[in-house]
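Here's the structure we're looking at; comments come further down.
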Amino acid sequence: MIHIQQTEPGTEWEDWKQKADKETRQIVEDAEKGIPVKLKTGIWKKLKPLLEKRFKKKCAYCEGKYIAGTSLDVEHYRPKAKVTTNKSPNSTIKITGPGGKKIDHPGYYWLAYNWKNLLLSCPKCNRENGKMNQFPIKGKRACCPGDSLNDEEPLLMNPYEEKIPGQHFSTTGVDGYIKGETRKGTKTIEICDLNRESLRISRQEEWNKRKLSLVLNLFQGGDDKIVTDDMEYSYYLKEALLKNLEALPQEAINRT
Ligand SMILES: [Zn+2]
C-alpha cells in the first residue's frame, strides 16, 4: 500500500457530486422513516475513471494492476450494507434497534456515494477470501449518519489516511511475503488476504524482473525516485531494494 492524496474531485465531477449528495439525502431520509435503503450501484461505478487516475490503476490494498480478463472494483472502505469483524458471517455487528431489540448493523449506507469512502480494489482483495464486509475497529462504532467516524479507530488501513503505510509492514525483500509490524498492519493483511500465494508470487516476480534495472538506476545516479508510485507493488519494490542493497551491487555489475 502507498499513500494516496485525498483531494476534492475537480469541477468536472460537480454534476456527479450533486447527484451523489441528492441520493444520499434520499437514502438517509428513507432510513429515518424505516423504509429499506436501496442503493444504486451505477452511482459509485461512475466515479471509477477518477479512482483509476488517482490510484494509478492499482488496487488500493495490494497495489496489483488489472489481471487479464478482470477489472478493478470501486470499493467501499466502510462497508455500505452490512458489517462484520472478521471473515465469518457470524461476526456481523449488532446494534440496538427500535424497542431495545438487537438488530444487524445496517452498514455505512450514508457513505455509499461519498467519494471519500470510495477506493479502487482488485476482486481478490475485495471479494471472496478478501475484505467483503469486514470493518473491525478498536474505538466506538458509528451506526447512523450523525455518529462520529473519528471515534472508530479502524483496524483496516486506508491509503488516504496512512501517511506512511510502510510503518505497518516489513518484508525480507526475497520471498514476496509481507509481515504486519503493528496490529493495524497485521489485521489489514488478514482482512485483504495480502499474503495469498498468487500475490506473494507476483510480488516476488516483479522484484526479480525489475531488480537489476532499479539497482543500476540507483548506482548510476538516476532519477530521485527510483521506485515510482505507478509501478505495480511499489511498496514491496522499495522495501526489497533497501533490504537487498548491500547484496546486489556486485551482481548488478557482473551482469553488465
Ligand atoms: Zn488487491
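Computed from the coordinates by the stated procedures, all read-outs in this text should not be read as laboratory data. Nothing here was measured: the structure is a model prediction, and the numbers come from that model. Virtual Cβ from ideal backbone geometry, glycine too; neighbours counted across all protein chains shown.
Quick look at the values:
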item	result
Net length gained if the chain between Lys45 and Lys57 were fully extended (0.36 nm per residue, minus Cα distance)	2.9 nm
Evaluated at q = 0.08, 0.09, 0.13, 0.15 Å⁻¹: base-10 log I(q)/I(0), Debye formula over Cα of the chain	-0.37, -0.46, -0.87, -1.10
Length released on extending from Arg127 to Glu161, taking residue separation times 0.36 nm less the Cα-Cα span	10.0 nm
Distance in nm between pseudo-label sites at Lys22 and Thr172 (7 Å out along the Cβ direction from Cα)	5.7
Gain on full stretching of the segment that runs from Gln5 to Ser148 - 0.36 nm per residue minus C-alpha separation	49.3 nm
Dipole of the chain [Lys/Arg +1, Asp/Glu -1 at C-beta], most positive-end residue of Tyr236, Asn195, Ile137	Ile137
Burial ordering of Ile2, Ile178, Ile95, fewest other beta-carbon atoms within 10 Å first	Ile95, Ile2, Ile178
Quarter of the Cα convex hull surface for the range 11-157, i.e. its orientation-mean projected area (nm²)	9.6
Relative contact order %, the chain, counting alpha carbon pairs below 8 Å whose residues are six or more apart	19
Cβ-derived FRET efficiency at R0 45 Å, Glu14 paired with Thr92, nearest 0.05	0.75
The range 12-43 versus the range 133-180: alpha-carbon centroid distance in Å	26
Those residues of the range 69-110 whose amide nitrogen sits under 17 Å from the label point placed on Ala31, 7 Å along Cα→Cβ	76-84, 93-98, 103-110
Those lysines that a straight Cα-Cα span of less than 26 Å connects to Lys22, excepting residues fewer than 8 apart in one chain	Lys33, Lys38, Lys40, Lys45, Lys46, Lys48, Lys53, Lys80, Lys82, Lys116
Measure of compaction for the range 107-205 (Cα Rg per 2.2 N^0.38 Å)	1.17
Coil-residue trypsin sites (Lys or Arg not before Pro) of the range 1-81, DSSP, other Cβ within 10 Å capped at 10	Lys38
